[in-house]
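Below are the structure tokens for one structure; questions will follow.
The values are calculated or read from the model by the stated rules, or taken from the named source; none is laboratory data. Worth saying up front: this structure is predicted, and the values here are computed from it rather than measured. Positions of Cβ are generated from backbone atoms using ideal geometry, with glycine treated the same way; all protein chains shown enter the neighbour counts.
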Amino acid sequence: MTRLKIFEYPDPVLRQKAAPVAEVDDELRRLFDDMLETMYAAAGVGLAAPQVGVTKRVIVIDTHDEEEGEAPRPLYLANPEIVFRSDEQICHDEGCLSVPDQHAEVMRSASVKVCYLDYHGKPREIEAEGLLAIALQHEIDHLDGVLYIDHLSRLKRQMLIKKLQKMRAGERAGEEE
Ligand code: NI
């Protein structure tokens with residue numbers, strides 16, 4: 001397995017609409033594996049293909065809680081589609097590997113039902129609530145070129161981007177020393 005480069009805001013690849021995959025073949029399974037490895041290495045809960053520069057409708061998610069001693073439970077989803085959203089909303093502090101070291105509270109549906117093709121190309125359906133529901137909505141957004149910061153008010157988004165730029169400027173200054 002290979003660790004892939006994670007593209008960061010404001011890279012234009014994050015704004016493209018990803019294309020459905022025709023089938024889940026060995027090449028796609030390799031992408032699934034590499035994305036999962038990349039996500040684990042970055043301590044993320046979810047990763048969408050556009051974040052590694054691949055504009056395909058492919059995501060991986062694992063919401064297991066290591067501190068609680070839970071075993072990994074990776075989910076591989078190709079062509080995921082939200083077919084139901086609850087009216088009930090929940091607020092959660094979200095982050096994104098493409099917007100490093102930032103986080104902000106976002107409102108999303110408390111539960112969702114998602115149809116997708118699994119690691120073997122088999123059609124499946126998952127009903128999720130809590131962190132998994134949030135991760136599914138966040139990652140499926142990525143496939144449409146949407147970042148969690150787009151759900152914030154303009155002011156909050158600008159503040160967050162400013163903090164990100166300040167952090168990057170600090171990192172660059174550190175490298176030059
Ligand atoms: Ni993200």
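Among the residues of the range 129-143, which ones are buried (at least 20 other Cβ atoms within 10 Å of the Cβ) and among the aliphatic types (A, V, I, L, M)?
Listed by number, the residues that qualify are LEU132, ALA133, ILE134, ALA135, LEU136, ILE140, LEU143.
If you go through the range 16-31 one residue at a time, how many are surrounded by 14 or more Cβ atoms within 10 Å (Cβ to Cβ) and assigned to a helix (DSSP H, G or I)?
Within the range 16-31, residues that are surrounded by 14 or more Cβ atoms within 10 Å (Cβ to Cβ) and assigned to a helix (DSSP H, G or I) number 3.
Can you give me the number of residues within the range 12-49 that are in contact with a strand residue (DSSP E or B) (Cβ under 6 Å, 6 or more places away or on another chain) and within 16 Å of the ligand (Cβ to nearest atom)?
Residues that pass the stated criteria total 8.
Another question, then. Can you work out which of the residues in the range 50-106 that are assigned to a strand (DSSP E or B) and at positive phi is nearest to the ligand (Cβ to nearest atom)?
Taking the candidates together, the pick is ASP101.
Next question. If the requirement is being closer than 30 Å to GLU23 by Cβ and either β-branched (Val, Ile, Thr) or not in a loop (DSSP other than H, G, I, E, B) (or both), which of these qualifies: LEU160, LEU164, LEU132?
Exactly one of LEU160, LEU164, LEU132 is closer than 30 Å to GLU23 by Cβ and either β-branched (Val, Ile, Thr) or not in a loop (DSSP other than H, G, I, E, B) (or both), namely LEU132.
Among LEU75, LEU117, which is touching a residue at least 60 places away in the same chain (Cβ under 8 Å) and not hydroxyl-bearing (Ser, Thr, Tyr)? Before the answer, list the steps.
Numbers: LEU75 fails: touching a residue at least 60 places away in the same chain (Cβ under 8 Å).
On inspection, the qualifying residue turns out to be LEU117.
Can you tell me how many residues in the range 32-49 are of a type in the set (A, V, I, L, M, F, W, C), surrounded by 14 or more Cβ atoms within 10 Å (Cβ to Cβ) and assigned to a helix (DSSP H, G or I)?
So the answer is 5.
Modelled with pLDDT of 95 or more and within 13 Å of the ligand (Cβ to nearest atom): does that describe TYR9?
When the stated conditions are applied, TYR9 passes them.
Now for a separate question. Given the structure, is VAL146 buried (at least 16 other Cβ atoms within 10 Å of the Cβ), assigned to a loop (DSSP other than H, G, I, E, B) and without any contact (Cβ under 8 Å) to a residue 60 or more places away in the chain?
The answer is yes for VAL146.
If you don't mind, another one. Exactly one condition in (1) surrounded by fewer than 15 Cβ atoms within 10 Å (Cβ to Cβ); (2) of a type in the set (A, V, I, L, M); (3) in contact with a helix residue (DSSP H, G or I) (Cβ under 9 Å, 6 or more places away or on another chain) is not met by VAL99; state its number.
Result: VAL99 passes all but (1).
Which ones in the range 135-150 are farther than 22 Å from ALA19 by Cα and among the aromatic types (Phe, Trp, Tyr)? Before the answer, list the steps.
Looking only at the range 135-150, we keep the residues that are farther than 22 Å from ALA19 by Cα, and these are 149.
Scanning the range 135-150 gives no hits.
OK, next. Could you list, ordered by first residue, the pairs with Cβ atoms under 8 Å in which the first is in the range 29-51 and touching a residue at least 40 places away in the same chain (Cβ under 8 Å) and the second is aromatic (Phe, Trp, Tyr), at least 6 apart or interchain?
That search, which allows pairs on different chains as well, returns ARG29/TYR119; PHE32/TYR76; PHE32/TYR119; LEU36/TYR76; PRO50/PHE7; GLN51/PHE7.
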